[in-house]
Amino acid sequence: MSAPDTGDRPPGAVADISSQSSLATALTPVLTVAVSLLGLCLLWGLAENAWPSRAFPGPGQVWQVLLAEAANGDLFYHLGATLGRVAAAYVVAMVVGSVIGVLLGSHRSADRFFSPWVVLFLNIPALVVIVLAYIWFGLNEAAAIGAVAVNKIPNVVVTMREGARALDPSYAEMAAVYRFGLLDRVRHVLLPQLQPYLAAASRSGIALIWKIVLVVELLGRSNGVGFQIYLYFQLFDVAAILAYTLAFVAVMLVIELLLVQPVERHATRWRRRPA
Amino acid sequence: MQPVGAVVPLRVDIAEKTFRSAQGVSITALQDLSFEVRQGEFACLLGPSGCGKTTTLRILLGLDKNFSGSFQLPEGGSNRIAAVFQEPILLPWRTVEQNVRLALPKSLRTKNLDGLFDTLGLAGMRSLYPAELSLGLARRAALARAFATEPAVLFLDEPFASLDERTAGRLRHLLLTVWSARPTTALMVTHNLREALMLSDRIIVLAQRPAHVLGMFDVKLPRQYRNPQVMSDLLRSFHQKFPGGA
Ligand SMILES: Nc1ncnc2c1ncn2[C@@H]1O[C@H](COP(=O)(O)OP(=O)(O)OP(=O)(O)O)[C@@H](O)[C@H]1O
Ligand SMILES: [Mg+2]
């Protein structure tokens, strides 16, 4: 099976995330990331000293803004708003995209008919979808989240269609002989086979979705990181723009490390580990 | 030693099964294949490789509906069927025990499986994942799954293929032990004559493709008396009856 690689699995990574060894394996990547980011800050500081300018604030200045915004609560309010939209759009895109993808992947004639649609939607620029959604459905939350989801759905469809094509029919046949219920089939036969594809779609999905969410907020919402960035763009406040951007990137990194990777390790615990 | 479940025998009457290959060539795999397996009987379907044995089982399992003819599965008691496939086909992401329990109907989900796992020598392996099992152990787990469901009829497709002879022999004994505890109507596919003679009450001998029945060979002798001496006698009389076959 040509499943996309789901990342390295350190030996000894076990299902129980509260145990000692898995805590250590969860912390090692965090430390590496921290050291690497520190290096980047240092480089940034040096560059700021070499070319001092209002349009190019240093890490210290950005940090000050970050603290101030955190203290008055704005930072968390806007991060929360954006995070909520990312989560909602992610869930909608994954569910809808997976259902369509699996249907197309398992019905050849439907796939042949709808394939051009998928290609078309893949190539519609995000901005067009967002503008049309706001025009047709108004400047509201549903339009915003829907527009982001529609941008992501074709990618999910393509990945999950690949996953459905790679399904091993012998498992489905075994399930048919032993008369598995629908729920058992989905939970124990279908989803575990699709897991690498779900993981791949999720990874590329979150990265894409949060960037589109910022655009959606910039064009038609009155809160969220995208809205704040637009506001500070008009005020020409680069330090604040960077503060919000970095805060959100940090949140996404933490989610990746503390949520996505442990979930993935748990889902792939049955694979034979390298001896 | 009462035969359980089945009141109706397994009756097979397949007129024809034809495959159409990707290039449009049609291959007739089965033609006028009819036989019967009495209730509580262990029958073997013996035939050369590629003659259509797996095809027959797939039809009986309901996995291939594109054929002409009919068949009747045993009913009474449970009308569940169980199968041990040519490959073990365990879900790699579930443990041995979960694999077995998932195949059980809701009413049996929590039943005690200690006895079955003990008999099959799987007691210490219940929490292992299939990737951590040898092929022999995986085949035992597939047997455990089939017997745990207490089926009305059991289908086995070369369950001991690609094992070394010692392991295969051990597994044949295990199969006989669990089967004797609850003699279920069973149909096992094999191309190994010795295996068929050792395990079955009746051997259904198939011809080359397209498969049809060449004849029946009944082994009346109880299994515990089939020692090496008797086995070579059985072999001889089988070859007398089917000079060219198998
Ligand atoms: N899906 C298929 N499409 C086309 N031909 C097939 C298909 N499945 C089986 N056949 C053909 O049908 C014939 C019987 O195949 P089958 O798998 O039933 O043989 P078998 O008796 O089980 O052999 P073996 O002992 O090697 O497992 C073979 O000649 C095979 O080429
Ligand atoms: Mg076969």
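The values are calculated or read from the model by the stated rules, or taken from the named source; none is laboratory data. For clarity, every value in this text was computed on a predicted model and none was experimentally measured. Here the Cβ is made from the backbone with ideal geometry for all residues, glycine too, and neighbour counts use every protein chain on show. The area values use the complete protein model at the heavy-atom level, side chains included, leaving out ligands, DNA and RNA. Shrake-Rupley method; radii C 1.70, N 1.55, O 1.52, S 1.80 Å.
A residue that is farther than 27 Å from B:GLU36 by Cβ and within 14 Å of chain A (Cβ to nearest Cβ) cannot be found anywhere in segment B:113-121.
Remark: A:VAL118 matches the filter, which requires a residue to be modelled with pLDDT of 90 or more and touching a helix residue (DSSP H, G or I) at 6+ places or on another chain (Cβ under 8 Å).
Being under 30 Å from B:PRO130 (Cα atoms), at pLDDT below 90, in a helix (DSSP H, G or I) and not basic (Lys, Arg) is the requirement here; does A:VAL263 meet it? Spell out the reasoning first.
Values: under 30 Å from B:PRO130 (Cα atoms): yes; at pLDDT below 90: yes; in a helix (DSSP H, G or I): yes; not basic (Lys, Arg): yes.
Yes, satisfied.
Kindly provide the set of residues from segment B:15-34 that are more than 10 Å from ligand 1 (Cβ to nearest atom), open to solvent by 10 Å² or more (accessible area, probe 1.4 Å) and either aromatic (Phe, Trp, Tyr) or not in a loop (DSSP other than H, G, I, E, B) (or both), ordered by number. Within segment B:15-34, B:ALA15, B:GLU16, B:GLN31, B:ASP32, B:SER34 qualify.
Here the condition is being over 14 Å from the mean Cα position of the chain (by Cα), away from ligand 1 (no atom under 16 Å from the Cβ) and open to solvent by less than 10 Å² (accessible area, probe 1.4 Å); of B:VAL153, B:VAL205, B:VAL219, B:VAL230, it holds for B:VAL219 alone. Given the criteria within 13 Å of chain A (Cβ to nearest Cβ), open to solvent by 50 Å² or more (accessible area, probe 1.4 Å) and out of contact with any strand residue (DSSP E or B) (no Cβ under 8 Å at 6 or more places or on another chain), does B:GLN98 qualify? When the stated conditions are applied, B:GLN98 passes them.
Name the single residue, out of those in segment B:75-91 being modelled with pLDDT of 85 or more and open to solvent by 50 Å² or more (accessible area, probe 1.4 Å), that is farthest from the other protein chains (Cβ to nearest Cβ). Step through it out loud before you land on a result.
Pass one, segment B:75-91, residues modelled with pLDDT of 85 or more: B:80-91.
Okay, now just the ones that are also open to solvent by 50 Å² or more (accessible area, probe 1.4 Å), so B:80, B:86-87.
Values: B:ARG80: 7, B:GLN86: 9, B:GLU87: 7 Å.
Looking at residues that are modelled with pLDDT of 85 or more and open to solvent by 50 Å² or more (accessible area, probe 1.4 Å), I get B:GLN86.
One residue alone among A:LEU235, A:LEU253 is open to solvent by 40 Å² or more (accessible area, probe 1.4 Å) and either β-branched (Val, Ile, Thr) or modelled with pLDDT of 90 or more (or both), and that residue is A:LEU235.
Counting only residues that are open to solvent by 30 Å² or more (accessible area, probe 1.4 Å) and either among the aliphatic types (A, V, I, L, M) or touching a residue at least 40 places away in the same chain (Cβ under 8 Å) (or both), segment A:167-176 holds 4 of them. Within segment A:71-97, the set of residues being open to solvent by less than 50 Å² (accessible area, probe 1.4 Å) and farther than 30 Å from A:SER204 by Cβ comprises A:GLY73 only. When B:VAL37 is tested against (1) open to solvent by less than 10 Å² (accessible area, probe 1.4 Å); (2) in contact with a Gly (Cβ under 7 Å, 6 or more places away or on another chain); (3) away from ligand 2 (no atom under 16 Å from the Cβ), exactly one condition is not met: (2).
Of all residues assigned to segment B:66-74, none qualifies as being closer than 27 Å to A:VAL189 by Cβ, within 11 Å of chain A (Cβ to nearest Cβ) and surrounded by fewer than 21 Cβ atoms within 10 Å (Cβ to Cβ). Among helices (runs of 4 or more DSSP H) entirely within segment B:40-152, having at least 1 residues that are free of Cβ contacts under 8 Å to residues at least 12 places away in the same chain and within 16 Å of ligand 2 (Cβ to nearest atom) singles out B:53-60. The residues on offer are B:SER134, B:SER127, B:SER162, and the sole one that is away from chain A (no Cβ under 13 Å), open to solvent by 50 Å² or more (accessible area, probe 1.4 Å) and out of contact with any strand residue (DSSP E or B) (no Cβ under 7 Å at 6 or more places or on another chain) is B:SER162.
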